[in-house]
Structure formats: structure tokens, C-alpha cells
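Rule-based calculations on the coordinates, nothing more; no lab input. Since this is a predicted model, take the numbers as computed values, not measurements. Using ideal geometry, Cβ is built from the backbone for each residue, glycine included, and neighbour counts are taken over all protein chains shown.
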Amino acid sequence: MRLLGHRGASQQAPENTLAAFELALREGADGVELDVRLCASGEAVVFHDETLERLTGRGGAVRDTPWSVLRTLQVGAAGGQAPIPLLSEVLERLPRTAWINVELKAERWSESRVAEVAGALLEGGGHAEHVVVSSFHPLCLLRLAVRYPGLRRGLLLDPDEPMAVQTGLFLPLLARDAVHPPIGRFDRIDVERWHRSGREVAAWTVDDPAVAGQLREWGVDSCITNRPGEIRAALAR
């Protein structure tokens, strides 16, 4: 079972930064999960929130802020501060041996263009073999499928939306390669069914070693965690 650092090693370093991603790999993660959205000038930036305030202390939305401003901001956390990276920078820095789960973020239909921008970077840079692209947003996955069908696609299951609609409609239509369910909302039978359909299963967010051990027994393919070092050590025992 792969261990993926959720926004990197986000308990010890500023989330979604190169510092967090590199720390996750040093702690034994097989790769990282990261979030990508478009800024005002059109670049794919690695940033989770729709707005800047929680992570940088600055007001405004990412979609309304150009990269010339975002590049000057620091993401703060208990582990220090680090700059917001571009997706292109992360892809250049991380080794090709690292598995990368790129989550596409879009609150508006117009923002689903992030799929085409990110897809161009992933396919153009030859990253198809070690990347899966996931999203809660059906249109992001549709745009990715049309423009870059060779890239792996995974549907993130939203616990606040009807599971029957997500797994019965969106999953077969849009997510050819993977399903990403939240812990507590699936069981071993679900894992077996998804595997029979040819899809990998990536569970989120797993910070309890006992839960990680159970998921490994169920055959889950990837475990997304805020604590990759702790979970790796527990699984090794």
C-alpha cells in the first residue's frame, strides 16, 4: 500500500509547499497528494483554499490574484513558512519515483479549465506514469478525459453528497482509473467491487495507524495521510 503525504507532511511543515513534500518523502512516504487551482494570470498554483487568508494572512481569492503577487506570499504553519509553489516547480523538484496525486480544485464551472492547464504540464512533462489526477468536480474530470485521455483519472467521493449518484453515475462515466473515498464511508466489499471494475482505491485522510493497518488488509492501494512518518513506522511494526 502506498503512503501519500496529504499536502505533504502537513503536520510538520507548511501544507502544499516544496518543504512539506520533500519532508514527506524523507519520512518514508511513497509520494504526495497536492491541490492545484488557477490564479488570475492563468498559472496552475499549488494551494488548497479558495481564499488566501487562512494560509497566508492576506485577503482575497486565489482566482483573483496574479502569480506576480502570489509568488511573494508565504504559507505559514507551526513548522515555519514557505512560498506558494507552481505545479510546474513541484513536478521539476520531486523525483520521478514519487507517486503524485494531483487534486484539481474548482468552485465555479469556469474554474474547471484548471484541468487543461494541469493536464498540459503533466502530459508535456512526461509525468503520466507516476501521477493520478483527482477531483470532486465532475467537469474537471470530463475536461481532462477529453483533452488528455492518457492521464489517470480518479473521482474524489464527497461525504456531503449522495454516494449513490457519485458511485453510480460520475464514477463509471468520468473516473476510469481510481476512486478516492473518505475513511468511514466504505468497507472491504466496496474495495473488492472497485478493484473488479479495474480501479485503484486511495483512502483519505488516514492518521490512525490502526485504520491504516485495516485498510492495508482490505487491499486499499493508497493511503493519504498527514503523518506519513508515523504511519510508515506503525505499518512496519
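A few comments on the model shown:
- Condition check for Ala115 on (1) under 18 Å from Leu34 (Cβ atoms); (2) without any contact (Cβ under 8 Å) to a residue 24 or more places away in the chain; (3) of a type in the set (Gly, Ala, Ser): one failure, at (2).
- Of the criteria (1) out of contact with any Pro (no Cβ under 9 Å at 6 or more places or on another chain); (2) over 30 Å from Pro14 (Cα atoms); (3) of a type in the set (Phe, Trp, Tyr), which one Trp194 fails: (1)
- If only residues of the range 26-64 that are acidic (Asp, Glu) and touching a residue at least 40 places away in the same chain (Cβ under 8 Å) are counted, the one that is nearest to Pro228 (Cα to Cα) is Glu27.
- Across the range 92-112, the number of residues qualifying as assigned to a helix (DSSP H, G or I) and either surrounded by fewer than 16 Cβ atoms within 10 Å (Cβ to Cβ) or without any contact (Cβ under 8 Å) to a residue 24 or more places away in the chain (or both) comes to 4.
- Qualifying strands (runs of 3 or more DSSP E) (wholly inside the range 1-91; at least 3 residues being of a type outside the set (Phe, Trp, Tyr) and touching a Lys or Arg at 6+ places or on another chain (Cβ under 7 Å)): 31-38
- With a requirement of 1 or more residues that are touching an Asp or Glu at 6+ places or on another chain (Cβ under 6 Å), in contact (Cβ under 8 Å) with a residue 24 or more places away in the chain and among the acidic types (Asp, Glu), the strands (runs of 3 or more DSSP E) lying completely within the range 122-237 that satisfy it span 200-203.
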